[in-house]
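The values are calculated or read from the model by the stated rules, or taken from the named source; none is laboratory data. Since this is a predicted model, take the numbers as computed values, not measurements. Positions of Cβ are backbone-derived with ideal geometry, glycine not excepted, and every protein chain shown enters the neighbour counts. Each accessible area value is taken on the protein alone, full model and side chains, heavy atoms only, with ligands, DNA and RNA left out. Shrake-Rupley method; radii C 1.70, N 1.55, O 1.52, S 1.80 Å.
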Amino acid sequence: MHLFRIVARGFACAVGLAGGAAAAQTPYFQQVVDHVIAVQLDDSEHELHGNITTTYTNRSPETLTFLWIHLWPNAYSSGKTALAKQQFRDGNMLMFYALQRELGRIDSLSFTVNGRPARTTPHPEHPDIVRLELPAPLAPGAQLTYATPFRVALPSGSISRLGHIGQSYQITQWYPKPAVFDREGWHEMPYLNQGEFYSEYGTFDVSITLPENYVVGATGDFVPGAADNAAEERRLDSLDALTRLRFASSDLAPDDFPASATRTKTLRYRQSDVHDFAWFADKRWNVLKGSVVLPHSGNEVTTWAMFTSKRGDLWERAPEYLADGIHYYSLWNGDYPYRQVTAVDGTISAGGGMEYPNVTVIGTMSSALSLETVIVHEVGHNWFYGILGTNERTHAWMDEGINSFNETRYFATKYGDTLGFAGTMLPKGLARTLGFSNLSYPLTDQYSYLLTSRMGVDQPMSCHSNDFSSTNYGTVVYKKTAAAFAYLQGALGTEVFDRAMQAYFDAWKFRHPGPDDLRAVIERVSGKDCAWFFEGLVPTTDRVDFRAGRVRRGTGGREVYVWNRGGVGGPFELSVQDGEGKWASAGWNDPLPAGTGRWVAVPEGAQAVRVDGVEQALEYDRRNNTTQTTGVLRRMDPLELRLLTGLEQPYRTTVSFLPLVGWNLHDGWMPGLVVHNEVLPLRDFGWHVAPMWGLKSGTLTGFARMSHRFGPWIARAEARRFSAPAQAAGYVEEVYRRAALVGEAKFHRQPTSPWSSAVRVEAVDLRSDAAPVPGEFVLPVVPPRSGRQSLGVAASATWKGRRISHSLAVNARAFAFKDYLSSPEALILTADRSAIFTSATYAGAFRYDGENHTVAWRVFGGTSTDAGVFPVLVQGSSPTVDPMRDHLFLGRVEGGIEGAQVAALHGGLAGFRAGRGSDFVLSATADADLPVKLLGVFAGAAFDGTDALASTGLYLRLPSSPNTAGGLRSSIRIPLAATGWFSEGVTYRPWESIAVVVSIDALNPFRFARNVVN
Ligand SMILES: [Zn+2]
């Protein structure tokens, strides 16, 4: 039922329905896999050599004839794997340019099943999955053992989660591992960076052989007395003592790799009730050992922190973070069921840290708080991933999101409201200016979610991992889910909520729960229908938006009308303000269906009431949540003036200002002020006004804009006024005023899809004061001063396809305008003009080295039905060919450096007069960055219907310029040779043909902010 609504909202994910029906009919079962692995690390070749024996017990009601086996190291084997493709999509070209030795693979496999050789069949699409064909069918309840040797060539650790950085080893997803077979069927899946795992539970018995001087952090406990375990336990204890001594004398171990010992050691680990085994090895690590007593059982858990000296100052407190994390997660969700937890310091590329059973790896951290955050988060995954083994690929919110909720709760509990989370990431002064310094930790989750929700680009929490845009993976999967669970906690009450989460833990530990299983437990324990959560917040992008309305005197006292303006029919809290201005909660109310209202009793003596005063719902707009119960101005919020901008103050109307200085050739320097209502996260309605004074022209200049977003549509009204001498029909214009109404919509239904489209309609009113050109013959009927007005309408549609290294854009723009040349007394002259402009651009770029130097190419074709109105330009939009003043120019004159600005590319071929154009231009251009900073060579050719043209020269890329294929590439272009210069005897004057490609309008921070997400 929600499928239609999701699609209709514009942003969606491919909703996976596979297996849903089957799951309802097949009773829950779970396969059992027990692994015995012996592996040796070769740290000169960066290879693993191992043998694995897996006992597979078929607990399903089906007879199996094959097993899907994951060979995830093969995800690193080429630029064509699912991993590589996902990274390209997100703009990471690392695997595309990686050298052979930086890639990785698993090989030397030779499977046997119950001792008999067995065949494997490659997966039709993914080299990191194979099908192990069973020599004999495996009946329900039966067991088999398969075995194989293997060799893993370890990839560079900067690609994803498996690999090495020098001799620091991160050994994850490294052995042949069966895919999950459950009530929905098989879940074979390629390895991905964005999108995690789903694995069968069982036991691991792993023996690791490596040079003696490595420190190892791993899943599992030492098998007592086995291999070199006893000596290793003594060694770790002495390393712990040594590290403490070194901290005392502020002299940590050096941070370069010592030579590897020639003698090796073998460490043997065992763990049961886990679904993965990872290990990390480094010769440089300091070691800190600690312990924590569990809140429910009183059992003791050993904690290990293993870290290099690089940020040893931060890691000194890691044992505290480990202990506190284990304590609170156990307290709220159920006791940690294992005997040890380890955090290791590693350089990883998949986010700040990564979780595995018992052991987590942490990236390089910049502050104590970020180290604590990442350690607590990754340790927390032992519950939401490790113990509660949800399919993370399809229900990422159930591990990342619920884990993030617990992480937020941890910080709010441990530090209270004093933490000012976001404030710690910014310099103190700036954080105060922006209003971040006292933002509570839980509100950070809500604001992060609002960031994409208010842009209209968010996606439902329930999307498949690989369908999320990388922004939404953070703001929706982590942050919206965290905020949603805080809402659920508020609505159910903490005591009931905790009981429900502990019941969920007890019922589903070491199993594979899905969303329905979680819902069933929560509804059973709470006795409440949670449809608003599981059918509202989870699978849709519907908003939560309550509004406090009228207050009346009812039969039992005063009542306030609460209206649900949002799409989620959730419960709501009501807070009341007493006579002294203090707010207190009056409790939660039952779910209110979307689009309906209800009268709610107001306690006596309340001065004001506020819906969700406890700030636990994901309120889209809190400004309509408060009502005064008495007085005339019941809904007026106090006004706040602020410098720059900042975090929204939900119960205040904020107006911000900032001094501003502009410049153009005709107005000179323009001091002014920008006043605006923009806050973070951006709201649907925004406006800014920037009056300035032109010191040279002695006139008022400036710009203003307001915009409102409705779903995928944005409506805008904008105006600007600047001086711009330009000749037209014997007159010189002096000052122009441009006002426009714009409606535009972007359609990018599936953020991970390469296709997008946009439409735009625009009405423009352009007026200017004009005077006759000095010295020209003037008709006696034309008055000495006059005005000119152009009214135009334009509509355009763009369709874009983006691939890894190339893109195609097709744009059509039709516009018509009417010119009036008038005196104050009478209309003198009118003209109707119109044109349809159509263009297609096919562009691409490839990077030829590791330093972002590219060769970019572009093919352009454009036509215009009337070149006299709107020509297709060989070079691009310029000060003199911009009939509707679409672009901002620093000077509106022809020739020389003052008129060199090019605002938007047509043919894109620099070296020709700004106005050179016709009703048809076909061009091909190429830009090659030289292997020096910002400098490059361009060359290109064009045909304009009559002449063939060509030019070449140098360009200087403007720093931090967008370098999108086909888009505007900000640069200064210096043509050195062009056709026409020689044949017509034209002298080359570089300053006359320089083109400065830059769009000033795109630099407007307000516009930039509204375009920045997706
Ligand atoms: Zn996580």
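One table, with the values for the structure above:
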quantity	calculated
Counted charge near T494, where neighbours are those whose Cβ lies closer than 15 Å (Asp, Glu -1; Lys, Arg +1)	0
Mean Cβ neighbour count within 10 Å, used as a protection proxy, ranking 693-703, 854-864 highest first	854-864, 693-703
Dipole in debye (nearest 20) - the stretch 473-607, about Cα centre, beta carbon charges: Lys, Arg +1; Asp, Glu -1	320 debye
Å² per residue, accessible surface of the stretch 119-178 at 1.4 Å	32 Å²
The stretch 29-85: C-alpha gyration tensor shape, a/c 1.5 cut-off, then a/b vs b/c	oblate
Cβ-placed point charges (K, R +1; D, E -1), dipole of the chain about Cα centre in debye, nearest 20	2060 debye
DSSP beta bridge pairing in the chain, given as percent antiparallel to the nearest 5	90 percent
Accessible carbon and sulfur surface of the chain relative to its total accessible area, %, 1.4 Å	58 percent
Amide hydrogen neighbours beyond the local backbone of F197, cut-off 5 Å, H modeled	E392, R393
Cα gyration tensor category, rounded, prolate or oblate, for the stretch 144-223 with a/c compared to 1.5	oblate
For the chain, the longest site-free run once GluC sites (Glu not before Pro) in DSSP loop states with at most 14 other Cβ atoms within 10 Å are removed	126-579
Long-range HN-HN contacts of W663 with modeled amide H, under 5 Å	M670
Förster radius 35 Å - calculated FRET efficiency between R652 and T302, Cβ distance, rounded to 0.05	0.10
Tensor-based shape of the stretch 838-937 (alpha-carbon gyration tensor, a/c under 1.5 rounded, otherwise prolate or oblate)	oblate
Burial ranking of peptide ranges 252-261, 588-597, 151-160 (average Cβ count within 10 Å, highest at the top)	151-160, 588-597, 252-261
Listed residue (H187, Y848, S404) projecting farthest to the positive dipole end of the chain, Cβ model	Y848
Local electrostatic count, M398, Cβ distance below 12 Å [Lys/Arg +1, Asp/Glu -1]	-4
Mean-position separation - Cα centroids, the stretch 577-627 and the stretch 172-215, in angstrom	49 Å
Given K265/K509; K289/K428; K479/K528; K289/K480; K283/K479; K177/K528, the pairs whose alpha carbons are separated by over 29 Å	K265/K509; K289/K428; K289/K480; K283/K479; K177/K528
Radius 12 Å from Cβ of D240, net charge of other residues (Lys, Arg +1; Asp, Glu -1)	+3
Computed [θ] at 222 nm, helices only, for the chain once each DSSP H run of length n ≥ 4 contributes -39500 (n - 2.57)	-4500 deg cm²/dmol
The stretch 257-322 - accessible surface per residue (Å², probe 1.4 Å)	40 Å²
